[in-house]
Amino acid sequence: MFLRSAATVFALAFAAPVMAQDAPETLPDIALGSEDAPLTIIEYASFTCGHCANFHSDVYPELKAEYIDTGKVKFVQRDIYFDQPGLWAGIMARCGEGEKFYPVADMLFDEQQKWLSGGSGDEVAANLRKIGLKAGMTDDQMTACWDDTAKVEQLIATFQANATADDIQATPTFIIGDETVPNQSWDGMKKIIDDKLAEAEAEAADQ
């Protein structure tokens, strides 16, 4: 059951970075919320990052209810792959062209300690399969996604291109409008969001 194809691609990508002319095509963002929202927030996160799990438990519900669900913010999560389990989780979240990305991401963060508790690659893979099954995926579907080396290469290339372009040094890190923002409390993030929304409204009024 160990995810050898994905593990091999992960190891090769970091051992020998691909030359630009040979780099796989990058993948588009999967957005949550209104495409016409006046403000976009990008979160760089790893599914194996404890601080990311805390953000999704303590801050994200407030952000979603107050800003994303109300059409004020378009939210994008961009994956960072620090390790192989994080990559395996990211592949599974994107399985099926990303239709279940955010529901699966929620489950991965909510159950992070549980699925990461496996003592071996096989055990972590088995734990991830349990989450995928709960999300409505089949064993065959998950296996096909993990064995799709071309897609895995695209995911890694996308992560590397985005993280390099935005100079991401830690997770979670947020791009709120045009400002890079480190992890912080809901009160601190809310103030930045409100300030950025006010700037967006002022710019719209001037046009």
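The values are calculated or read from the model by the stated rules, or taken from the named source; none is laboratory data. Only a predicted model underlies this, so the values are computations on that prediction, with no experimental measurement involved. Methodologically, a virtual Cβ is constructed for each residue, glycine included, from the backbone with ideal geometry; neighbour enumeration extends over all protein chains shown. Keep in mind that these areas ignore ligands, DNA and RNA; they rest on the heavy atoms of the full protein, side chains included. Shrake-Rupley method; radii C 1.70, N 1.55, O 1.52, S 1.80 Å.
Quick notes on this one:
- Note on segment 131-147: among residues that are surrounded by fewer than 17 Cβ atoms within 10 Å (Cβ to Cβ) and among the hydrophobic types (A, V, I, L, M, F, W, C), the one that is nearest to Cys95 (Cα to Cα) is Ala144.
- Qualifying residue in segment 57-67 (condition: touching a strand residue (DSSP E or B) at 6+ places or on another chain (Cβ under 8 Å), among the hydrophobic types (A, V, I, L, M, F, W, C), within 25 Å of Leu155 (Cα to Cα) and surrounded by 19 or more Cβ atoms within 10 Å (Cβ to Cβ)): no
- Only one of the listed residues (Gly132, Gly136, Gly121) is of a type outside the set (A, V, I, L, M, F, W, C), closer than 20 Å to Ala53 by Cβ and in contact (Cβ under 8 Å) with a residue 24 or more places away in the chain. That residue is Gly132.
- Segment 144-175: number of residues that are hydroxyl-bearing (Ser, Thr, Tyr) and under 19 Å from Gly50 (Cα atoms): 2
- Annotation: of all residues in segment 82-99 being of a type in the set (D, E, K, R) and outside any helix (DSSP H, G or I), the one that is surrounded by the fewest Cβ atoms within 10 Å (Cβ to Cβ) is Glu97.
- The selection criterion, being among the basic types (Lys, Arg) and either open to solvent by less than 10 Å² (accessible area, probe 1.4 Å) or at pLDDT below 95 (or both), holds for Arg4.
- Total residues in segment 156-180 satisfying the condition of being in a strand (DSSP E or B) and either buried (at least 16 other Cβ atoms within 10 Å of the Cβ) or among the small types (Gly, Ala, Ser) (or both): the figure is 4.
- The sole residue among Ala31, Ala16 that is modelled with pLDDT of 95 or more and surrounded by fewer than 19 Cβ atoms within 10 Å (Cβ to Cβ) is Ala31.
- Test: Leu155 is of a type in the set (A, V, I, L, M) and over 14 Å from Gln77 (Cα atoms): no
- Residues that are open to solvent by less than 50 Å² (accessible area, probe 1.4 Å), farther than 18 Å from Asp29 by Cβ, among the aromatic types (Phe, Trp, Tyr) and assigned to a helix (DSSP H, G or I) occur at least once in segment 100-119.
- Given (1) farther than 20 Å from Pro38 by Cα; (2) in contact (Cβ under 8 Å) with a residue 60 or more places away in the chain; (3) surrounded by 14 or more Cβ atoms within 10 Å (Cβ to Cβ), number of the condition Ala150 does not satisfy: (3)
- Filtered residues of segment 181-193 (kept if open to solvent by less than 60 Å² (accessible area, probe 1.4 Å) and either in a strand (DSSP E or B) or free of Cβ contacts under 8 Å to residues at least 24 places away in the same chain (or both)): Val181, Gln184, Gly188, Ile192
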